[in-house]
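Colleague: I'd like to ask you about the structure that follows.
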Amino acid sequence: MSSPSVSISNRWKTPHDHDPPAVHPRRHGGDAGADRPVRGRNRYSDRGGFAPTVALLERLRAGETADVVILTAKGIDDLIAEGVIRSGTRTDVALSFVGVAVKAGGAKPDIGSVAAFRAALLAARSVAYSKIGASGIFFAGLLDRLGIADSVKTCVVPAGFTAERLVTGEADLAIQQISELMVVPGIEVVGPLPPDIQTVATFSAALLTPSSPAETLLGFLTSPAIAPVLRRSGLEPAFPGPA
């Protein structure tokens, strides 16, 4: 029996040794650590790999195949509507929150309320955020809504991990998905944005090619075993389970 190949949005990729179990990611576009094999039970194929959601959507629409894909829920729904992904196979796996990080050992500002978060942004020497990533686009709009777009000193990162600018000393605060902040060594996550201004991304898995191993993988991705792996990686399970 052949093993399923998996294509995964790299916004869902977990840091360090906590990649989705039994998946061997392949490097696409210089993703940090994406050519590192996952330790342990590698029961799945190393075909496919990690890439940004937009890039995976383009590749799948162009005819690239895989057994299982993990994308944003909207990306999955769009491909189902287009007939690329099998209807009825969407399985919500993880929730990703935008957070704030500082350099390891640095002072952690109060971000427990919208007012405190706003004050922390204004007090920072520089705030790093992504130019093209979903969190960066959201944050740029948030600065406008908070009325401080012209007052906050920013470090706009063209692509990649915003927390790297903490390590280099270019910024005091970094804004990005928490799971992406945690990829960078030498930083500490302060926490998620206050609930009143938070944005949550849902990551879902779905079948491109029906097979028993692929359906088994979908089931595993929403099993109790995966929940602690997601939480260690800055994600929250999108399925019911133990706390």
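Taken together, the values in this text are just the output of simple stated rules run on the coordinates, not laboratory data. From a predicted model like this one, the values you see are computed outputs, not experimental measurements. Using ideal geometry, Cβ is built from the backbone for each residue, glycine included, and neighbour counts are taken over all protein chains shown.
Colleague: Taking the Cα centre of region 127-240 as origin, sum charge times position over the Cβ atoms of Lys and Arg (+1) and Asp and Glu (-1), and report the length of that vector in debye to the nearest 20.
Modeller: The dipole of region 127-240 has a size of about 100 debye.
Colleague: With an 8 Å Cα cut-off and a minimum separation of 6 or more residues, compute the relative contact order for region 96-197 in percent.
Modeller: Taking the mean separation of contacting Cα pairs over the length of region 96-197, I get 46 percent.
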